[in-house]
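Down below is the structure, laid out as structure tokens.
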Amino acid sequence: MAKKFHINEKKIKECIAELEDCGILIQAVNGLTSDKKSYIDYDLFLSCMNVKRKKPLTLEKWVHQTARADNFPLIGLFQHLIESRLNDFYMHHLQHTSSTLSGILDFKSALVLMVLVRDSNQFGITNQCGIRKIKHKTGLSKDAIFRCIKTLEIQGVIRRRVDGVLFSKILRASNPFYILNLSHEIWQEKATYGRYFIIQYPQPHDFEVELIVSLLQRFESKKATLAEILTINDAYQIYVNHFTQMPDLNAATKGLTIEMVKENSSILEHERFEYRFIISLLSLFLEISNDHDSNPWFGDLIQFFPQKNSKAYLSGVISLLGLLQCHLEQWCAQIYNELPRAQALSRGGDSVDLHDLKKKAGRLQLNTLLKFAEDDPFETSDLIIARSNSNLLSMLGLIMTLIAKNQLYPFLTYLGLKEQFSQFCIIPRHAKQKQYVCIFMPFPRQTSNQFTKIILDENLAFVSEQKNLKDERRNHFSSESIQPSIKELQDFGLLPENCLTIDRFNISMKKIKVMV
């Protein structure tokens, strides 16, 4: 058996022993010939799979039954790997029968890929597969898993991996983001193509999470100086009489949004997005600052970006901000994947509020915070916690509003919503990738990927909700259809830096030893 499957004998013995302990495998001796025989208790085997069927269960029926029971968007790709490609992966470098992917992808890499496919959404994105889960599903060691992931990246099957560990009051996450390449040749006729929209900023654009945290730090640094002002508790008066007179604070707000107002703009100040956003942020800051019991929560928020000199430490903190940004981007895309909300955002007048977070409670992993937010502050047993979590949710809404304005607004404005509206996602990216944002809109009927670059102008003007200005929005950015090279795809965050082919296996790399 070890020679046939090219699996270590010790592992096979462990598997057989486990099957015997469960009663699935029965070892017996023929009384006449004294030959050892093995039997499988088929009914017990099915019961262990939680399947109540009298007839044998085919693989296809099992897969579809599992898909109905759980969310399984990429069931077609999973079934394709098992039924059509399983024999293509080589199991051992000494195997006598040469497989189709001999020296390119081994069976271990296929197992890791199956786990990623099983937990990915319809866009090929997952953050549900940590090393512990992959170890549990595949039985591979940590080092072997990293080698498999590296191989899948080199071959372009994984477009991007965003690592990070985040433990905060907002979110507890230790799993990386994986983005699968749904148009890779490994999927053959099951491949999915679509349209990629690459938004190019006129200059490096910091993550919205980083911008907000940095601005809140500036607010905090001015807290002693503004002690008397904070007692006014009127954000409008503070902004008009004091905030605009502080050059450092005023300058920090100019880079929050891509909608830079021209000097000769006729748009009134109170109608500008920047003004309305700063007022909301300042109001929330005043509420937190006036409530001393909320200080621990405020510390939890700003601790992601402490002022320390260690480059390694700052690099790690930036990664944390990047991971939090990735989560908020995915949640933001879920909210605006509904046509009415997308239309409202494209007109320039929409924001994320508590109602949106409550509506997506099952997906946003914020159930505990939302529960506190729904409680009556005068009836809840812990007023401080309720108020603190309410402020936290308000902050999340502001950050997601800014993400929608800087990323989804240009995309939806370009789209014009005249074309076929389809589900889309924001491609997760590293914190150091600040020049581009990629949005993916899959179209199963397409036979190739299409790429559109949306280049934003530095003098992009604010556009109000007036219909007569609808066409003016298109004048502030240019767009072009492109056929990106490998280097450009890597810059866009659509291919790993160590990948040298587009949607195909890199045959020339098959003899290179993959190191962790």
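The values are calculated or read from the model by the stated rules, or taken from the named source; none is laboratory data. Every value quoted in this text rests on a predicted model; they were computed, and no experiment measured them. Cβ atoms come from the backbone with ideal geometry, glycine included; neighbour counts cover every protein chain shown.
Kindly establish whether Phe378 is surrounded by fewer than 22 Cβ atoms within 10 Å (Cβ to Cβ), at pLDDT 80 or above and not in a helix (DSSP H, G or I).
Details: surrounded by fewer than 22 Cβ atoms within 10 Å (Cβ to Cβ): yes; at pLDDT 80 or above: no; not in a helix (DSSP H, G or I): yes.
The answer is no for Phe378.
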Output yes when any residue across the range 340-348 is outside any helix (DSSP H, G or I) and modelled with pLDDT of 60 or more, and no when none is.
-> yes
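Yes/no matrix, rows are residues, columns are (1) among the hydrophobic types (A, V, I, L, M, F, W, C); (2) surrounded by fewer than 22 Cβ atoms within 10 Å (Cβ to Cβ); (3) modelled with pLDDT of 90 or more:
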{"position": "Gln365", "(1), (2), (3)": "no, yes, no"}
{"position": "Leu370", "(1), (2), (3)": "yes, yes, no"}
{"position": "Asn391", "(1), (2), (3)": "no, yes, no"}
{"position": "Met400", "(1), (2), (3)": "yes, no, yes"}
{"position": "Phe440", "(1), (2), (3)": "yes, no, yes"}
Search the range 485-499 for residues being in a loop (DSSP other than H, G, I, E, B) and touching a residue at least 40 places away in the same chain (Cβ under 8 Å), and hand back the single one that is surrounded by the fewest Cβ atoms within 10 Å (Cβ to Cβ).
-> Asn498
In the range 2-44, residue surrounded by the fewest Cβ atoms within 10 Å (Cβ to Cβ) [restricted to those that are at pLDDT below 70 and within 25 Å of Asn87 (Cβ to Cβ)] | Lys4
Given (1) hydroxyl-bearing (Ser, Thr, Tyr); (2) at pLDDT 90 or above; (3) out of contact with any Phe, Trp or Tyr (no Cβ under 6 Å at 6 or more places or on another chain), Thr100 misses just (2)
